[in-house]
Each structure stands twice: as structure tokens, then as C-alpha cells.
Amino acid sequence: MKRRDFIDRSWKSAVAFTIVPRSVLGGSGFVAPSDKIQVGFIGVGKQSLNLLSGLNGCPEVVVQAACDVDSKKLDYFVKAAATAQSMTGKSNPAIGKYGNFRELLESASVDAVVIATPDHWHAQIAVDAAKAKKDIYCEKPLALTIAEGRAMVNAARKYGVVFQTGSMQRSSFNFRHAAELVYNGYIGDVTEVNVSVGEPVKQCDLPSFPVPDYLDWDMWIGPSLYRGYNPILSPPIEDDKWAWWRGYRDFGGGYITDWGAHMFDIIQWALGMDNSGPVQFIPPEAPQAEKGLTYVYENGTRVNHVDWGEPNAIQFVGTDGNIEVSRSFLKTNPTPLAGHHLMANDKRLYYSDNHYQDWVKAIQNRSKPICDVEIGQRTSTVCNAVNIAYELQRELRWDPLKEEFDDPFANMMRSRPYRGKWKL
């Protein structure tokens, strides 16, 4: 054998030997250190435990850090995360604990963050995380105001981060199948949609109590206007109820954003409006009514905020039938539609059956996940505009391209003042 042939064959043999799947080298389920996504949780209340369960099921994810202004909740979460990772055979580094999210964002060992704080914190943390080049999973609704949501989109695009909104119903069979049936015209032209979610936001009228010694209340308030502590806003860890900051202005958006962010999101998806939105909001005639608002798309499709017999559910009404969907059922008329398999020439929506793994895949591919930040912004815009129309109690026109109302007072309500040192 000539020397040149010998070297050539030896080199090719070496390459063939070294390029093998990592699973072969490390065993079944092995994830190379370079493929791991080290995650920090910001906000570790009740919802964070659900997110921990979902993300711990992703082999690539390792919880590296956690942050909260409630030291008891922080300690509990860190122990829960360590236990969960041990049970799935993951290496268990010491999980860093932080009281200030900006200190967590400075950590070079954190690749991505999960934002599960109350809504009034989402924008500030997400923009700062994007600046720190951390990929982001942010709970729904995306933003407390329309302007904050747009700032979050702009930051994600500017700094090139992958951003998943926690509208996890998009990764559920019932909602995807319902949306695809509507999207492909199986019930004809959609004339109206009835959506059943709770009431709009209201002004906070809670009395003040002494602040517990384990809670940094000033930091909990953050960029919002200050008010005294009340355990309904931030329940102690021993209280198993959901915190009801959700119901009050400056912190949440009522059920309109809490459940509406789920249901309005599916409506946007099914109607092909992920990059747009309605053009008109018509509140009910009765003063202080909490149901009865209608919003209208450019093509005339009307969405009614009403109780139609099922809680937290959607009813699509078309010229050739209707579809009703929630987390617990999918009903169609005609009935066989529910089990219908889409045809080869039907248009398909983004497929995901695991919202958390979809985020991980998008991080690995540097691609947009199923509920990208722009989609989250468009849905939270609908929610926030509905609340604005309920409060002003007058008809509003909306320009989805400019993101402007035809009303100067409504336009002022697209944003809010920030307190103290906080600034987007």
C-alpha cells in the first residue's frame, strides 16, 4: 500500500469511528453537557411547580437557579426542583437562590429563564432577560399592557432570543384539532364565536396588613403603583388557593386575561389572526356589565364574551355547522367532524404535543416555537383591549397594524406609569 493511500484510509477510519450518536457513548437517554439547557426560574409560586414538572420531563433541561421575593416559597421550590431532578436521574448541581432577578440574569451558568411572576412583572423581567441573551419561557398572559407586550417583542427580536409564551393549549389535541377544522372551512364561514370566560379586571380595594418578615413587599410591587400588603395578593405558602392578584388592576387583568389569554388565543389561531387582531370592540349597553362585550374582525366575524353553558370554553358557529371545545371536550355538529382526519391537501397548523419540549427544540434550532412572543403579544392585546372597552363603556375602533385605537383615552390606557427605578 502506498503511503498516501494508507494515510487517507486511516483518516477515514478514524472519522467513521468518532462520529457516532451520543446515546451510544453515554447510554440510553444520555444528554451531552453541551446540549443541556440550564434554566433559572423567576417567580416560584404555585404555577412554577406545574412548569417544573413539565420542564423536568425534558431530558435537556437542568434547573440551575431560582428567584423569588418570598423566601419560604424560594426554599420550597429549590427543594422540589432538586428532588424532581434526582428522581429523573439528572445530575443535581446546587441550585442558586436569588431574591433579585437581575442577579440571576448575571449568572453565566443560566442559559434560559422561566418567568412565572404576577403579570405586572412580565415585561420588565423579559426585556432585561433578552438583553442578557437568555432564552425565555413566559407565562400567559404575555403582558399587563399593550405597550409592554410590544416592548417584549422588540427586545426578543433585537437580541435574538427564543421566546415561548405559556399558552399551552396550543400543544393540546382538542384545541389544535378544533382550530384546524375551523381553519380549513369544515364548518363553512365562521359567523360568530362565543367564548365563556370570567369577568374583567377591577380596581384593587383590599385593606392593608403588616408585611410578613419572609416577604420583600416593595420588590413584589416592583414597577406598579404602591399599595399595602394583603395576603390575597401574595398568599403564604401554607395557603393552597391561587393568588388573586390576577383580579386587580396594576397586577393582573381579571379572568379576561387569566382564562381569556387561553381562549382568545385559540380563536386567533383558528381564524388565522396570529399576526393581526380584531378591528372593533363593542361593550354591552348595561353600565358595569361583566359580560356581553363583542369584538369584530375585518371580515365580519364576531366574538361574543358570554356565558353559553360551558365554563372556559369556545363555541365556533359557522354557516355549515359548529364546534365546541374546552380542555375536557370536543363536540361538533355535524357529529362525525370530531373524529375526522384531515385530508392531504388541508392546511396544517404548527404541531406540538408538548409545550415545554417544543420550547427546548426551538432553542436548539434557534427557531420560533409554537407560541412565539409575537403570537403572545397579539393575544394579550385582545385581552387588554377587551378590558379597556369594558372600562370606558364605549365602542372602540382598533388598528392591528399601528396598534392604535381611534380614541385618545383608550390610547393612553395602552401603557402605564412605572414606579421608582423601574423603566422599560
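How do the strands (runs of 3 or more DSSP E) wholly within region 246-356 filter down when requiring 1 or more residues that are surrounded by fewer than 16 Cβ atoms within 10 Å (Cβ to Cβ): which remain? Give the derivation first.
Values: elements: 280-282, 294-296, 302-305, 313-318, 321-325, 330-333.
Correct list: 330-333.
Run K423 past the list (1) in the same structural domain as I266 (by the TED database); (2) open to solvent by 30 Å² or more (accessible area, probe 1.4 Å) and report the number of the one that doesn't hold.
The failed condition is (1).
Kindly evaluate E374 against the criterion of being closer than 27 Å to I37 by Cα and acidic (D, E).
Judged against the criteria, E374 is a match.
Would you check which residues across region 235-245 are within 19 Å of the chain's Cα centre (by Cα), surrounded by fewer than 21 Cβ atoms within 10 Å (Cβ to Cβ) and not aliphatic (A, V, I, L, M) and list them? Break it down stepwise before answering.
Applying the first criterion (within 19 Å of the chain's Cα centre (by Cα)) to region 235-245 yields 242-245.
Still in the running and surrounded by fewer than 21 Cβ atoms within 10 Å (Cβ to Cβ): 242-244.
Within region 235-245, W242, W244 qualify.
Examine region 234-243 for a residue that is among the charged types (D, E, K, R) and in the same structural domain as S380 (by the TED database), and state whether such a residue exists.
Looking for residues that are among the charged types (D, E, K, R) and in the same structural domain as S380 (by the TED database), one finds none in region 234-243, hence no.
Confirm whether D307 is out of contact with any Pro (no Cβ under 8 Å at 6 or more places or on another chain), of a type in the set (D, E, K, R) and over 22 Å from V201 (Cα atoms).
It is false that D307 is out of contact with any Pro (no Cβ under 8 Å at 6 or more places or on another chain), of a type in the set (D, E, K, R) and over 22 Å from V201 (Cα atoms).
Does region 187-198 contain any residue that is in a loop (DSSP other than H, G, I, E, B), charged (D, E, K, R) and assigned by the TED database to the domain that holds N312?
Yes, there is a match, as at least one residue in region 187-198 is in a loop (DSSP other than H, G, I, E, B), charged (D, E, K, R) and assigned by the TED database to the domain that holds N312.
The values are calculated or read from the model by the stated rules, or taken from the named source; none is laboratory data. Keep in mind the model is a prediction, meaning the values are calculated, not measured. When we count neighbours, we look across all protein chains shown, and the Cβ atoms used for this are built from the backbone with ideal geometry, even at glycine. The protein model used for the area step is the full one, side chains on, heavy atoms only, and it has no ligands, DNA or RNA in it. Shrake-Rupley method; radii C 1.70, N 1.55, O 1.52, S 1.80 Å.
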